[in-house]
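Visitor: Sharing a structure below in structure tokens format, with a few things to ask.
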Amino acid sequence: MNKKILFLVLLGILSLPLYASAQLTSFGETYDLGDIVAGILNVVWIAFEAIAIVMFVIAGIMFLTAQGEASKLQTARSAVIWGVAGVVVGIVAYGIIGLIQGIL
């Protein structure tokens, strides 16, 4: 556990020059740090949507294969509830990031 924390701290320290410069240049184009963060957020959002869709498909398959068994139906219901909770948390997190970007 401590090695993971140490790795994340070192990774953060090593990435400080990137944040300090706040610009990257490639082939004469200048990219602001905000553009880079927006690009990363778009990729993360697409991955989040894909995971949510897969979660709901799996929950649907669980419902279809439950065949009326109470324990399997309860497991499928839990999967749907946790899927909805995950989607709500993802939307709120993305909204908070958008709000912070709007303020800055």
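Visitor: With labels modelled as points extended 7 Å from the Cα through the Cβ direction, what inter-label distance (nm, one decimal) is found for Ala85 paired with Ile58?
Guide: 1.5
Visitor: Please identify the chymotrypsin sites (Phe, Trp or Tyr not before Pro) of the stretch 25-104 that satisfy two criteria: DSSP loop assignment and at most 15 other Cβ atoms within 10 Å. Which are they? Walk me through the intermediate numbers first.
Guide: On the way: sites: Phe27, Tyr31, Trp45, Phe48, Phe56, Phe63, Trp82, Tyr94; in loops: Phe27.
In loop regions of the stretch 25-104 (DSSP not H, G, I, E or B), the sparsely surrounded chymotrypsin sites (Phe, Trp or Tyr not before Pro) are Phe27.
Every number here is computed from the coordinates shown, using simple stated rules; none is lab data. Just so you know, these numbers come straight off a predicted model, no measurement behind them. Please note: Cβ atoms are built from the backbone with ideal geometry, for glycine as well, and neighbour counts cover all protein chains shown.
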